[in-house]
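Down below is the structure, laid out as structure tokens.
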Amino acid sequence: MGFAGRVAVRFLLEGRMQTLLLVVGVAAGVAVVTYITALIDGLQANTIRRTLGVQPHLTIRPVKDVPLAGRLAVPRPDASAPTPDVSSREQPRAQRTRSIDNWTPLARDLERTPGVVAVSPMAGGTAIALRGEGSRAVAIVGVELERYDRIAALSDKLIEGVPRLGPGEAIVGRELADDLGVRLGDRFSLSLGRDTVESVRAVAIFDVGVRDVNRRNVYVPLRTAQSLLGIPGGATQLDLTVTEVFEAEEVARRLRARLPYEIESWMQTNSQLLSALDAQTMSTRLIRGVVMIVVVLGIASVLVVSVVQKRKEIGILRAMGASRGQMTRVFLLQGALVSAAGSVLGAALAWLLVVAFTALVKGADGQPLFPIALRLDTFAWVALGATVAGVLAAVAPARRAAALDPAQAIRL
């Protein structure tokens, strides 16, 4: 261990109570920082997963119908007044069902775009679901199930039935099935209110964890939706999944530069959610910073006291030939050893906190509210930060110890 290491360990063992308090204090700080980081990361990952579990990363739609501006002249109040500007006024136009007619080559082109993982056509619109005397307003979602599974993994969210969508078949949400009294194999009708009615049979029931979606969406084959909506061969939108979730807006920006369509990313759609997550992240960083400052002050204060208590020992060591550099390293090593020991104990405490949270905090279904993973890299950077903080906290006491005059220290 060398001279500095042996002296550092001896000093720590002589003041066992102080050393124990230091280690426990560092462990508490490391445990709090590690646990909060894991908790917030798990919460944010779960929030994003639930959000993107029912929507694509990118959506491409046809541009809206915009009428030509009608230019209306404003009459002059009198002949001497200057001619007023001609103002343009627009009469809002009722939007028809718009579609991307030639979507197949566009989808192939998008699949070759860097950053894009999957593309799925969708034909969507509103309808009334009818069964007996019951009726509900629903959203028709016409998809090719194999393609759509790469976007939203609908097949993985089925609680009953088989993952298929053939002609005349539909997949409905749990709440909608309860509202209409629909069970597997039951038939119900979809009406668009203009003598357009399609009878479909429920082959599966899904639950995406969002009641509004469970109560609203009815998934049917793409061709069925095209027929109902009067857009043969068309798609009202193309859904895309990208490689990196938080790079969706960058991919959308590149696509807008070369495609004449409306392109919206999930980050635009959920801007308020992202703002809340950013605020949450900043709060977490603030908590981590405050905890680390407390740890540094605790280590520094105890080591300063240790220098005062061991003035004679330091003076004797200096008189025996110990250099200023060696005495500096003694106290720097004490800070490093205390921080390293506290980091290991803190990791164990953080693991216990994660286990307790998973066991005690349950959702309405009795399952853990959301998964928390105590990642090795999280512990590594927290432990490294704590060790560096411990060394920095020992700088002032170390310099004070090195500056002691041997004769005066021994006399005192």
| said: Name the residue that is surrounded by the fewest Cβ atoms within 10 Å (Cβ to Cβ), counting only residues in region 40-64 that are more than 10 Å from the chain's Cα centre (by Cα) and of a type in the set (Val, Ile, Thr). | reply: 63
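Has region 192-207 got any residue that is polar (S, T, N, Q), open to solvent by less than 70 Å² (accessible area, probe 1.4 Å) and closer than 17 Å to residue 137 by Cα?
yes
Mind counting the residues in region 201-241 that are part of a strand (DSSP E or B) and in contact with an Asp or Glu (Cβ under 6 Å, 6 or more places away or on another chain)?
Of all residues in region 201-241, those part of a strand (DSSP E or B) come to 201-206, 217-221, 235, 237-241.
Then keep just the ones that are in contact with an Asp or Glu (Cβ under 6 Å, 6 or more places away or on another chain); that gives 201-203, 205.
Matching residues across region 201-241 total 4.
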| Taking strands (runs of 3 or more DSSP E) that do not extend beyond region 74-189, which have at least 2 residues that are at pLDDT 90 or above, within 15 Å of residue 202 (Cα to Cα) and open to solvent by less than 20 Å² (accessible area, probe 1.4 Å)? | 134-143, 169-173
| request: Return the pairs, sorted by first residue and then second, in which the second residue is part of a helix (DSSP H, G or I) and β-branched (Val, Ile, Thr), the first residue lies in region 244-260 and is without any contact (Cβ under 8 Å) to a residue 24 or more places away in the chain, the beta carbons are less than 6 Å apart, and the residues are 6+ apart or on different chains. | output: none
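The values are calculated or read from the model by the stated rules, or taken from the named source; none is laboratory data. In this text the structure is predicted, and so the values were computed from the model without any measurement. All Cβ positions, even for glycine, are placed from backbone atoms using ideal geometry, and neighbour counts span all protein chains on display. Just so you know, the surface numbers come from the protein's heavy atoms only, side chains and all, with ligands and any DNA or RNA stripped out. Shrake-Rupley method; radii C 1.70, N 1.55, O 1.52, S 1.80 Å.
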